[in-house]
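Visitor: Here's a structure for you.
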Amino acid sequence: MKSPVLITGASQRLGLAMAESLLEQGQHVVVTYRTPRPSITMLKDKGATVLQADFSTEAAIDRAIDEIKAISKTYRAVIHNASDWAQEKDSSDKQSLIERMMMIHAIAPYRINLALEDALREYEGQADIIHMTDYIQETGSEKHMAYAASKAALHNLTLSFAKKLSPQVKVNSIAPALLMFNENDDEAYKQKALKKSLLEIVPGAQEAVKAMNYLFDSEYVTGQTLHLNGGRHLK
Ligand SMILES: NC(=O)C1=CN([C@@H]2O[C@H](COP(=O)(O)OP(=O)(O)OC[C@H]3O[C@@H](n4cnc5c(N)ncnc54)[C@H](OP(=O)(O)O)[C@@H]3O)[C@@H](O)[C@H]2O)C=CC1
Ligand SMILES: Nc1nc2c(c(=O)[nH]1)N=C([C@H](O)[C@@H](O)CO)CN2
């Protein structure tokens, strides 16, 4: 089997779009999902290897690592996309909230990267790791404090792994702001959210697909952040 790209949390939205783009390019893809969905069946029918994985516990991360390593001895890339956009107001147990945020967004990527270090280094070309962080990695967030802290931790891992795995592996963050609305977003939220960026649009998942393909095609970008935020930092 050609060295695959691993994408975590690829059953919907940005992860699903990235997986479909890579499959269309003839790239083998290994995806993890937490909740079974028709999209996973569709990816499997297109030739993807699919694994069920919940990254919120140590045991589940251990299991996922064993399954991922058993699939291929070499990997073209890893995209850490799985994420839980949790708010403080929705959690009465703040200890478990920040532990879960750190587990999903920092500990799982950290442990999977270390477990796949040889598999990435032994890829025949230049390999990639992409961490899907967030615009708020540098600003923080009053409503998503633990989530933001965990994304900042993930971005710092970008810097450390870029140093550790060079020159065989490039490691970068993609830091989106509002790329896609969620199903339960009402009109008032949408209008307010649009005004947060200079460009005042919500571009959709393809913006992340373009950023992923740019990083994969690059020979000279590592330890960087691709900010996909419509100029929000200048508002
Ligand atoms: N969409 C946007 O505008 C923005 C996105 N980002 C970042 O980009 C990435 C993709 O965003 P988006 O597509 O909206 O992400 P989603 O909110 O759709 O989450 C992606 C997947 O993460 C999975 N997931 C959630 N919790 C867990 C868990 N405990 N273990 C394993 N998987 C889990 C879900 O799996 P399942 O559905 O199978 O349960 C979900 O399909 C994320 O890292 C996000 O933080 C950052 C800023 C803006
Ligand atoms: N896992 C997710 N993380 C984030 C999402 C999302 O839908 N899932 N959405 C956002 C927002 O678009 C935010 O950037 C709007 O300001 C952030 N993270």
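Visitor: Looking at (1) within 16 Å of ligand 2 (Cβ to nearest atom); (2) of a type in the set (D, E, K, R); (3) assigned to a loop (DSSP other than H, G, I, E, B), which is the only condition Lys192 fails?
Guide: (3)
Visitor: Take the residues of region 150-188 that are within 13 Å of ligand 1 (Cβ to nearest atom) and over 26 Å from Val5 (Cα atoms): which is least open to solvent (accessible area, probe 1.4 Å)?
Guide: Asp185
Table: residues versus (1) among the small types (Gly, Ala, Ser); (2) in a loop (DSSP other than H, G, I, E, B); (3) more than 14 Å from ligand 1 (Cβ to nearest atom).
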site	(1), (2), (3)
Lys2	no, yes, yes
Ser11	yes, yes, no
Ala19	yes, no, no
Ser39	yes, no, no
Met42	no, no, no
Gly47	yes, yes, yes
Val50	no, no, no
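Visitor: Taking region 74-103, which residues are in a loop (DSSP other than H, G, I, E, B), crowded, with 20+ Cβ neighbours inside 10 Å and among the charged types (D, E, K, R)?
Guide: Passing the criteria: only Arg76.
Visitor: Cβ-Cβ distance below 6 Å, separation of 6 or more or different chains: which pairs start in region 49-62 with a residue that is closer than 22 Å to Tyr75 by Cβ and end on one that is outside any helix (DSSP H, G or I) and of a type in the set (A, V, I, L, M)?
Guide: Here the result reads Thr49/Val30; Val50/Val31; Phe55/Ala82, each pair linking region 49-62 to a residue that is outside any helix (DSSP H, G or I) and of a type in the set (A, V, I, L, M).
Visitor: Here's a follow-up. How many of the residues in region 150-174 are part of a helix (DSSP H, G or I), closer than 20 Å to His227 by Cα and hydrophobic (A, V, I, L, M, F, W, C)?
Guide: 7
Visitor: Given (1) acidic (Asp, Glu); (2) more than 14 Å from ligand 1 (Cβ to nearest atom); (3) in contact (Cβ under 8 Å) with a residue 60 or more places away in the chain, identify the lone condition not met by Glu88.
Guide: (3)
Visitor: If you take the residues of region 132-149 that are in a loop (DSSP other than H, G, I, E, B) and open to solvent by 10 Å² or more (accessible area, probe 1.4 Å), which of them is nearest to ligand 2 (Cβ to nearest atom)?
Guide: Applying the filter and picking the extreme gives Asp134.
Visitor: Let me ask you something else. Looking at this structure, is Ser11 free of Cβ contacts under 8 Å to residues at least 40 places away in the same chain, touching a Leu at 6+ places or on another chain (Cβ under 6 Å) and either open to solvent by 10 Å² or more (accessible area, probe 1.4 Å) or within 16 Å of ligand 2 (Cβ to nearest atom) (or both)?
Guide: In short, no.
Visitor: Can we say Ala106 is open to solvent by less than 40 Å² (accessible area, probe 1.4 Å), under 19 Å from Ile136 (Cβ atoms) and either assigned to a loop (DSSP other than H, G, I, E, B) or at pLDDT below 95 (or both)?
Guide: No, not satisfied.
So that you can scan it fast, the table gives a plain yes or no per residue for (1) of a type in the set (A, V, I, L, M, F, W, C); (2) at pLDDT 95 or above; (3) more than 16 Å from ligand 2 (Cβ to nearest atom):
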site	(1), (2), (3)
Asp93	no, yes, yes
Leu114	yes, yes, yes
Leu120	yes, yes, yes
Ile130	yes, yes, no
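Visitor: A follow-up question, please. Look at region 189-235 and say how many of its residues are closer than 17 Å to Ser173 by Cα, more than 19 Å from the chain's Cα centre (by Cα) and loosely packed, with under 13 Cβ neighbours inside 10 Å.
Guide: So the answer is 2.
The values are calculated or read from the model by the stated rules, or taken from the named source; none is laboratory data. Source: prediction; values computed, not measured. Cβ sites come from the backbone with ideal geometry, for glycine too, and all protein chains shown count toward neighbours. We work out accessible area using only protein heavy atoms, side chains counted, and drop any ligands, DNA or RNA first. Shrake-Rupley method; radii C 1.70, N 1.55, O 1.52, S 1.80 Å.
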